[in-house]
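The values are calculated or read from the model by the stated rules, or taken from the named source; none is laboratory data. Keep in mind the model is a prediction, meaning the values are calculated, not measured. Cβ sites come from the backbone with ideal geometry, for glycine too, and all protein chains shown count toward neighbours. Accessible surface areas use protein heavy atoms only, side chains included; no ligands, DNA or RNA. Shrake-Rupley method; radii C 1.70, N 1.55, O 1.52, S 1.80 Å.
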Amino acid sequence: MLYLITSILLFILSIFIHLIWCRHKDVQQLNIALFFFISSVCLLIYFGAVYFHPYLRLEDTRSLWKFPLKLTAAFLYILLVPYYPVLYYSSFMHSPTQIIVLLLKEQGGITLKELSQHINDERFIIARLNSLIKNGYIAFDGYYYRLVPKTILFCRILNIYQKLLGREMGG
Amino acid sequence: MLTIDSIILTTAVGTFIIYLLAHLLVFRFIAVKGVLPWLMRVFFLGTFFNVILNIYLSLSKTKIMMESGILGVGFCVFLSFIIYGIMSFFYVLNIYGPYESSLSVRLIREIYQTLPQGSTIYEILKRYNADMILRTRLERLIGSGEIIVEGPIYRIGKYPCIFLTLHYIGRILNRIVLKTRAEHIKKKYK
């Protein structure tokens, strides 16, 4: 239990340090590389503490408090780290599913025609294509949309995954 | 001799591999409306294997487990399940989810189909458009019971909606980061 609490507290600490840092930056973004750096430092602190601190070094299989879970706690920490940015970004990305359920939640009931006013090509196709161009995933010459080399590689990987999965193209 | 740490990690990772194989096998035969319920079913199948693996290792490695007692064994099983759950959820959220439902991924793949020439907006819209997006999502949400349809009206169903939960968690996080930052900037430039 002690090792788990230590790793979870260090995870919360890394989020707090990151949030404090974000408060002092003018750019409205999450500074994700910085978060990974902070969380890596916290992980090193964890390993340093459990292998060198006299109290944390001792394990005892009979006591739940000092149950030998050094590696499990570290593994749990590593698994939790990517969840923070993923959940954060999911609040920015308004997916059509989120919009549908939010509309249904707010309005109680809604028809297909009303829903289609919110889910339209301008909002979900054109805007996404523009976002892909802006982020350098595709190129646009005024008439044709084309893929850049890194996106072609990404598509090839997806094709392998599709073969493994045996499903049609998603979307 | 296995340590408690290695028993937990072996069962969690082992179960995740079983989950992944079951997922790849089962999802070949699943229609769009069955995606969300089958994600849960495959997860429960993995949970079943997780418990079986834990019991097997607990019985075969009695020396460690006897020392730790029933409470210790229960705690190990619980931790193994939590780690398996986090890994499975991560896979769905970041690998399978984007493949199955990301608009950007689909658009990129549509353009990939027309290599090296590329696609015009009209060609893209002919193959993938807002109407298709809406119908696919409604089918998925009805299939999972998260929304129901009464005549021409769509309503929130009786099952808890994972998309709403994720939205609210993200919104809180977003508010903490952006609001505090906005207040700081306001003070700074006053």
May I ask you to list the residues in segment B:72-95 that are within 27 Å of the chain's Cα centre (by Cα) and more than 8 Å from chain A (Cβ to nearest Cβ)?
-> B:Gly74, B:Cys76, B:Val77, B:Phe78, B:Ser80, B:Phe81, B:Tyr84, B:Gly85, B:Ser88, B:Phe89, B:Tyr91, B:Val92
Residues of segment B:11-30 satisfying the condition of being open to solvent by 60 Å² or more (accessible area, probe 1.4 Å) and either away from chain A (no Cβ under 11 Å) or in a loop (DSSP other than H, G, I, E, B) (or both) | B:Ile17, B:Arg28, B:Phe29
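A quick yes/no check of all residues on (1) at pLDDT 90 or above; (2) closer than 30 Å to B:Arg175 by Cβ; (3) open to solvent by 30 Å² or more (accessible area, probe 1.4 Å); (4) of a type in the set (Asp, Glu):
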residue: A:Leu76; (1), (2), (3), (4): yes, yes, no, no
residue: A:Tyr84; (1), (2), (3), (4): no, yes, no, no
residue: A:Ser95; (1), (2), (3), (4): no, yes, yes, no
residue: A:Leu115; (1), (2), (3), (4): no, yes, no, no
residue: A:Ala139; (1), (2), (3), (4): yes, no, yes, no
residue: A:Leu147; (1), (2), (3), (4): yes, no, no, no
residue: A:Ile152; (1), (2), (3), (4): yes, no, yes, no
Filter result for B:Ile108 (modelled with pLDDT under 95, surrounded by fewer than 18 Cβ atoms within 10 Å (Cβ to Cβ), at the interface with another protein chain (Cβ under 8 Å from one of its Cβ atoms) and closer than 12 Å to A:Tyr145 by Cβ) = no
Taking A:Lys105, is it facing chain B (nearest Cβ under 7 Å), in a helix (DSSP H, G or I) and loosely packed, with under 15 Cβ neighbours inside 10 Å?
-> yes
Condition check for B:Arg171: open to solvent by 70 Å² or more (accessible area, probe 1.4 Å) and within 8 Å of chain A (Cβ to nearest Cβ) | yes
Would segment A:40-61 turn up any residue that is in the same structural domain as A:Leu13 (by TED's automatic domain parsing) and touching a residue at least 60 places away in the same chain (Cβ under 8 Å)?
-> no
Filter result (over 24 Å from A:Ile99 (Cβ atoms), among the hydrophobic types (A, V, I, L, M, F, W, C) and at the interface with chain B (Cβ under 8 Å from one of its Cβ atoms)) within segment A:140-171 | A:Leu147, A:Ile152, A:Phe154, A:Cys155, A:Leu158, A:Leu164, A:Leu165
Select from segment B:78-97 the residues that are in contact with a Ser or Thr (Cβ under 8 Å, 6 or more places away or on another chain) and open to solvent by 30 Å² or more (accessible area, probe 1.4 Å) and list them in ascending order.
-> B:Phe81
Would it be correct to say that B:Gly69 is facing another protein chain (nearest Cβ under 9 Å), surrounded by fewer than 16 Cβ atoms within 10 Å (Cβ to Cβ) and either within 29 Å of B:Ile18 (Cβ to Cβ) or touching a strand residue (DSSP E or B) at 6+ places or on another chain (Cβ under 8 Å) (or both)?
-> yes
Mind checking which pairs have a first residue in segment B:82-111 that is part of a helix (DSSP H, G or I) and a second that is basic (Lys, Arg) and open to solvent by less than 10 Å² (accessible area, probe 1.4 Å), Cβ under 9 Å, 6 or more apart or different chains?
-> B:Ser101/B:Arg137
Only residues that are surrounded by 17 or more Cβ atoms within 10 Å (Cβ to Cβ) and either at pLDDT below 90 or within 26 Å of A:Ile160 (Cβ to Cβ) (or both): list them for segment B:111-126, please.
-> B:Ile111, B:Tyr112, B:Thr114, B:Gly118, B:Ser119, B:Glu123, B:Ile124
